[in-house]
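The values are calculated or read from the model by the stated rules, or taken from the named source; none is laboratory data. Given the structure is predicted, the values throughout are model-derived calculations rather than measurements. No Cβ is skipped: glycine too gets one built from the backbone with ideal geometry, and neighbour counts run over all protein chains shown. Protein only, heavy atoms only, side chains kept; ligands, DNA and RNA dropped before computing areas. Shrake-Rupley method; radii C 1.70, N 1.55, O 1.52, S 1.80 Å.
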Amino acid sequence: MLEQKINEFFGDADSTRFGTGWWSGILSAFLGFLSFGGVLCLHFPQLLSSPELRLHYPMHTMRLLIQCLIVGAIIFGIISSIKRKKKILALTGMLLAIAATALGGSSVQINDSFHGGPAIGLDWFLLDLFLMALIYVPLERLWPQYPQQGTFRKEWTLDVVYFMSTHLPLQILSFLVLLPATQATKYLGVPVLQQGIARLPWLLQFFLAVAVADVAEYFIHLALHKVPFLWRFHAIHHSSKALDWIAGSRSHFVDDTLVRGFILVPLMLGFSQAIIIAYLIFVTLHATWTHCNFGPNAKWIEQFLVMPRYHHWHHTSQKEGIDKNFAIHFPWIDRIFGTYYYPEEWPERYGLDGEEIAPSFLGQTIEPFTKRKRTP
């Protein structure tokens, strides 16, 4: 219902092709939202900014970025308002940029003396949303596997809520909450193993970390599919009927907790904090990419690294692809354990096979604790 209202309020019947003012309107609203949120973080850094990041920001660069976002929102808003009959998107973006400017823009001084306590983490949400959209939306629009699937496809608002939940404290396993957990390497690490791995070249250490993490994730991923109680939670991730860069964010917090825990514990035994952090960055980028609506493929790479088509077959509701392709990074792991499936074509259908789940974020969060069985 909310998604329909948003689409009706901002959308219209005109063409959404490049050059029609639609995408400039989208950019105006998006950049205006980011700039307004960035200025709020400058005003309330103690509450809104992530403690793990706030001391490491290059503030001159961040202020310049906020200023560019404000200017970009206004420029794209003007272009959209000229080209498009319906001005709502353009006006929204320009109003947000004007509001950000009225609040002091990028020149807001930070006077807080920081102290301990909870923080919302709005800065990380805004930064990651900006970077992910900057990387993946152009790829999906320029080289889509399913051209008829738009950026704002059905249930996109639900996935935005999931994306937000993984960045704010309501979701205990966001990237920044995991980051301090890597400190446990001091206590869980096996010194002899850590020293032996540390002598290896950095790239070899990183490759070993990815391999160890992928094998660990393979088994917890398999359990999430095969154990009925665990499937209740993992089914939410598979409920997307269309895949794109943000669809991968749809995941129950219990699912995330189990997966991240199974990955981190073996990594902490033998790898340094720097390698673990490098892996967390890699898995964030790679896992997002494998969900993309991105058609091009490189035959020589797909034998060694999971590509979008490979992971899309894991998400199909077609019988032949169900419970296949559990590996996240290396397809040869599925070959070893007999769960490899990789035909030349792409799937025709996605989502759950004969199962219905609650349509809302709140319903999907609560329902797995009460649902009693998986539909065959």
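Flag: Pro51 does not match the condition of being loosely packed, with under 15 Cβ neighbours inside 10 Å and either of a type outside the set (Lys, Arg) or at negative phi (or both). Is it true that Phe125 is touching a helix residue (DSSP H, G or I) at 6+ places or on another chain (Cβ under 8 Å), closer than 25 Å to Phe44 by Cβ and not in a loop (DSSP other than H, G, I, E, B)? Yes. Note on the stretch 243-261: residues that are under 21 Å from Leu285 (Cβ atoms), open to solvent by less than 30 Å² (accessible area, probe 1.4 Å) and touching a residue at least 60 places away in the same chain (Cβ under 8 Å) amount to 9. Residue-level analysis places Ser24 among those that are under 15 Å from Lys87 (Cβ atoms), part of a helix (DSSP H, G or I) and at pLDDT 85 or above.
Conditions tested, residue by residue: (1) in a loop (DSSP other than H, G, I, E, B); (2) open to solvent by less than 60 Å² (accessible area, probe 1.4 Å).
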| site | (1), (2) |
| --- | --- |
| Gln4 | no, no |
| Glu8 | no, no |
| Asp12 | yes, yes |
| Phe18 | yes, no |
| Ala29 | no, yes |
| Gly38 | no, yes |
| Leu47 | no, no |
| Gln67 | no, no |
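For the stretch 123-169, the set of residues classified as open to solvent by 30 Å² or more (accessible area, probe 1.4 Å) and more than 26 Å from Leu65 (Cβ to Cβ) consists of Trp143, Pro144, Gln145, Tyr146, Pro147, Gln148, Gly150, Lys154, Glu155, listed by residue number.
Six or more apart or on different chains, Cβ atoms under 7 Å: show the pairs whose first residue is in the stretch 101-125 and modelled with pLDDT under 90 and aliphatic (A, V, I, L, M) and whose second is in a loop (DSSP other than H, G, I, E, B) and open to solvent by 70 Å² or more (accessible area, probe 1.4 Å). Cβ pairs passing all conditions: Ile120/Pro169.
Within the stretch 78-86, at least one residue is over 30 Å from Ile277 (Cβ atoms), surrounded by fewer than 22 Cβ atoms within 10 Å (Cβ to Cβ) and among the hydroxyl-bearing types (Ser, Thr, Tyr). Going by the structure shown, is Ile366 assigned to a loop (DSSP other than H, G, I, E, B), among the β-branched types (Val, Ile, Thr) and more than 23 Å from Tyr218 (Cβ to Cβ)? The answer is no for Ile366.
Ser24 meets all of the listed conditions (1) under 24 Å from the mean Cα position of the chain (by Cα); (2) more than 20 Å from Met164 (Cβ to Cβ); (3) open to solvent by 30 Å² or more (accessible area, probe 1.4 Å) but one, namely (3). Inspect the stretch 283-299 for any residue being open to solvent by less than 20 Å² (accessible area, probe 1.4 Å) and within 27 Å of Gln194 (Cα to Cα) and give the result as yes or no. Within the stretch 283-299, one or more residues are open to solvent by less than 20 Å² (accessible area, probe 1.4 Å) and within 27 Å of Gln194 (Cα to Cα). The stretch 152-237 holds helices (runs of 4 or more DSSP H) entirely within its bounds, and those carrying 2 or more residues that are at pLDDT below 90 map to 156-165, 175-181, 185-188, 191-198. What single numbered condition from (1) closer than 21 Å to Val227 by Cα; (2) loosely packed, with under 13 Cβ neighbours inside 10 Å; (3) more than 25 Å from the chain's Cα centre (by Cα); (4) modelled with pLDDT under 95 fails to hold for Glu344? That leaves (1) as the condition not met.
Rundown of residues vs (1) out of contact with any helix residue (DSSP H, G or I) (no Cβ under 8 Å at 6 or more places or on another chain); (2) among the aromatic types (Phe, Trp, Tyr); (3) part of a loop (DSSP other than H, G, I, E, B), yes/no style:
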position: Ile78; (1), (2), (3): no, no, no
position: Ile82; (1), (2), (3): yes, no, no
position: Lys85; (1), (2), (3): yes, no, yes
position: Leu89; (1), (2), (3): no, no, no
position: Met94; (1), (2), (3): no, no, no
position: Ser106; (1), (2), (3): no, no, no
position: Ser113; (1), (2), (3): yes, no, yes
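Screening the candidates Thr316, Thr257 for the property of being out of contact with any strand residue (DSSP E or B) (no Cβ under 8 Å at 6 or more places or on another chain) and of a type outside the set (Asp, Glu) yields one hit, Thr257.
Of the residues making up the stretch 262-274, those that are more than 19 Å from the chain's Cα centre (by Cα) and crowded, with 21+ Cβ neighbours inside 10 Å number 4.
Conditions tested, residue by residue: (1) closer than 30 Å to Val190 by Cβ; (2) out of contact with any helix residue (DSSP H, G or I) (no Cβ under 6 Å at 6 or more places or on another chain); (3) modelled with pLDDT of 90 or more.
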position	(1), (2), (3)
His252	no, no, yes
Leu267	yes, no, no
Ala274	yes, yes, no
Leu285	yes, yes, yes
Thr288	no, no, yes
Cys292	no, no, yes
Ala298	no, yes, no
Val306	yes, no, yes
